[in-house]
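Notes follow the structure.
The values are calculated or read from the model by the stated rules, or taken from the named source; none is laboratory data. Because the structure is predicted, anything quoted here is derived from the model rather than measured. All Cβ positions, even for glycine, are placed from backbone atoms using ideal geometry, and neighbour counts span all protein chains on display. Accessible surface areas use protein heavy atoms only, side chains included; no ligands, DNA or RNA. Shrake-Rupley method; radii C 1.70, N 1.55, O 1.52, S 1.80 Å.
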Amino acid sequence: MTSILGISAFYHDSAASLVVNGEIVAAAQEERFTRKKHDFRFPQHAVDYCLSEAGLQPEDLSYVVFYDKPLTKFERLLETYLAYVPSGYRSFRQAMPLWLKQKLHLPRELASGLHDRFRGRFVFTDHHESHAASAFFPSPFAESAILTLDGVGEWSTSCVGTGQGNRIELMEELRFPHSLGLLYSAFTYYTGFRVNSGEYKLMGLAPYGTPVYKDLILEHLLDLKDDGSFRLDMQYFNYCQGLTMTSRRFHQLFGGPPRAPESDVTQREMDLAASVQAVTEDVVLRSARHAHELTGSNNLVLAGGVALNCVANGRLLREGPFENIWIQPAAGDAGGSLGAALFAWHQLLDNPRDRTAENDQATDAVKLDSQKGSLLGPSFSEGQISQTLDRHNAVSTRFETEKELCDRVAELIAEENVIGWFQGRMEFGPRALGNRSILGDPRSEKMQSVMNLKIKFRESFRPFAPIVLREHASRYFQLSEDQESPYMLIVAPVADSIRTPLGSDYDTAFGLDKLKYCRSSLPAVTHVDHSARIQTVDNVRNPLLHQLLTSFHDLTQCPVLINTSFNVRSEPIVCTPEEAYRCFLMTEMDVLVVGRHVLLKSEQPTDASAQARVQHLAQFELD
């Protein structure tokens, strides 16, 4: 038996993944255990979970693989600081203690995290090799083009390559400081959101604006080539030498200082978001076309933080040159832990990719990968769930069969109740894919504002995603019958047939005023530009969720539900039944479903006070 532990740590979104004889056995982010969003520390809890899931001890591991090369990254830092001396001194002084204490001594840190019991070999892969491996090896393709796009690894910020069988090859790269991820993060910072956390807010804000600054960005900030490569004018940025992303010249160009966090979002921020989103989509499309020309493949796989930009992914699917696209669900640094382990198994140890299990379950409509629905985290037994509920004297009804459970929950959703849905193994990656989810009725005109303001306690402009039965997706969204989006990483327009006519005054509405209009028969999941971030659900990857959607469809003739992550703003997605119950009490959620237990808020012996809710929210640092 060959067991390989992959680790990503010390930057953001630490995680661990375990591959045994080529099979992905477990993967989890550290934040889910520590309850600290984007926890960067050594993923001790995630490592312990992965080993426990496989029944292994540290001494049973064959290899431990770290997802990038710290010495090469340190070289890049030193060269960058030297290039900007003396202006980068404050940043240098802040960064060096952690490097000298920890990051330059990773074998020692890794050994300590494994309780000094690991006797195998430590391996360090290149950052973008880890991303590329995470994208290609779990994909359903025997061969494909590879595109990785993120902030920065060691030196690379994006790479184009190819995957064939059990090998990947990176052929071209864009190097630091020229980075699409860092450009997007600069605008995230400038519009008042948190870097490495708020980029998805910027993407969600973009449809409220118009790209009036796009030409300004292309004229002053970057020189974009036909192949998607570009050079940034570093006079406008401060991330090489400073503690902020943008410079005074950037602020002058766009008419003022950055928006203060938590202040009102204005039309300027909406237009800035629309502008950088448009530029990002241009870069992604050009890069993909170049990858197609370079490789000749009809398949494309993506990873890196920019691959989480599902709006760009949607355009790539509709307008790009590739017939098939697969995106790693944990596309950011967390997924690097999985890529590192798979790179070692396939590329370094020269083991073939065995697709037998996936091919046996695949159908014409479902193209199975080896990611297992990205349901790779902890699960909890009926006994553990019952113990939690008993400890709180919770009142629940238990259903004997999954069909009975789903039929009752479908009734509750149709009555416009908001449901906390906790089932099976936790998701790996930033998206809740139906096992740690909050669900609602997408037909309700009030549901978006209710869930944003009373459940999630977050900004009202943020959209919600639909989950839809795979077999009905093309009726409600502009996807072809053979296209699927199992990991909620594709945005597509809603079908013309479900759109509702809008008055002429809609065209003149600005910003958040657009939220007042009903845009389709599924208003709670239709964004202001008539788009939706879609998750298709099949009965192979998640049969219980498929059953729930089927029950709702049988009851209402609607095969779609709202799906958002089971957490409040700035809180990591819940991991345990205890955390699910606490979140249920601390919000205005109506129903909690844990395993086969259904809890109604109105029947519980206690409810959280307003003060308790404030205290609960206060423990999570705003993102």
Please report how far the C-alpha centroid of the stretch 4-71 lies from that of the stretch 527-568, rounded to the nearest whole angstrom. 30
What full-extension length gain, to one decimal in nm, is calculated for N298 and M234 as 0.36 nm per residue of separation minus the Cα-Cα distance? 19.4 nm
Debye-sum result for the stretch 258-351 in log10 I(q)/I(0), which assumes one identical scatterer on each alpha carbon, at q = 0.10, 0.17, 0.23 Å⁻¹: -0.39, -0.88, -1.16
Can you give me the distance in nm between label points at D350 and L600, each placed 7 Å from the Cα along the Cα-to-Cβ direction? 6.6
In whole percent, how big is the carbon plus sulfur part of the accessible area of the stretch 107-147, probe 1.4 Å, protein atoms only? 47
Carbon and sulfur atoms account, in whole percent of the 1.4 Å probe accessible area of the stretch 231-353, for 46
Multiply the residue gap between L502 and L617 by 0.36 nm, knock off their C-alpha separation, and tell me the result in nm, one decimal place. 37.6 nm
Neighbourhood net charge (10 Å Cβ-Cβ; Lys/Arg +1, Asp/Glu -1) for G209: -1
Checked against a 30 Å limit on the C-alpha separation, the offending pairs among K37/K101; K69/K367; K73/K214 are K69/K367; K73/K214
For H292 the rounded accessible area (nearest 10 Å², probe 1.4 Å, non-protein molecules ignored) is 50
Please list the non-local residues whose amide H lies under 5 Å from the amide H of S531, H modeled 1.01 Å from N, same-chain partners needing a gap of 5 or more. V494
In Å², rounded to a whole number, the accessible area per residue of the chain with probe 1.4 Å is 38
Which value in nm describes the separation of the simple spin-label points at R408 and Q252, placed 7 Å from the Cα toward the beta carbon? 6.7
So what are the radius of gyration and Dmax for the Cα set of the stretch 494-623, in Å? 18.4, 51
Could you check what % of the DSSP bridge pairs in the stretch 456-555 are antiparallel, to the nearest 5? 65
Nearest-10 value in Å² for the accessible area of K101, using the 1.4 Å probe: 150
Between R398 and K101, with labels modelled 7 Å along Cα→Cβ, what's the label distance in nm to one decimal, could you check? 4.8
Taking 0.36 nm per intervening residue step and subtracting the Cα-Cα distance, what contour gain separates T266 from K454 on full extension? 65.4 nm
On the full set of protein chains, 1.4 Å probe, figure out the accessible area of C518 and give it in Å² to the nearest 10. 40
Taking R0 as 41 Å, what's the FRET efficiency between S381 and R93 from their Cβ-Cβ distance, rounded to 0.05? 0.25
Using packing as a proxy for protection, rank 129-141, 294-306 so that the peptide with the highest average count of other Cβ atoms within 10 Å comes first. 129-141, 294-306
For the chain, what is the calculated [θ] at 222 nm in deg cm²/dmol (nearest 500), taking -39500 (n - 2.57) for each run of four or more DSSP H residues and dividing by its residue count? -9500 deg cm²/dmol
Considering only DSSP beta bridges whose two residues both sit in the chain, what percent are antiparallel, to the nearest 5? 70
Magnitude of the charge dipole, the stretch 162-273, Cβ model with Lys/Arg +1 and Asp/Glu -1, debye to 20: 320
Cα convex hull of the chain - mean projected area over all directions, nm²: 26.5
Evaluate 2.2 N^0.38 Å with N set to the residue count of the stretch 159-282, then give the Cα radius of gyration divided by it. 1.13
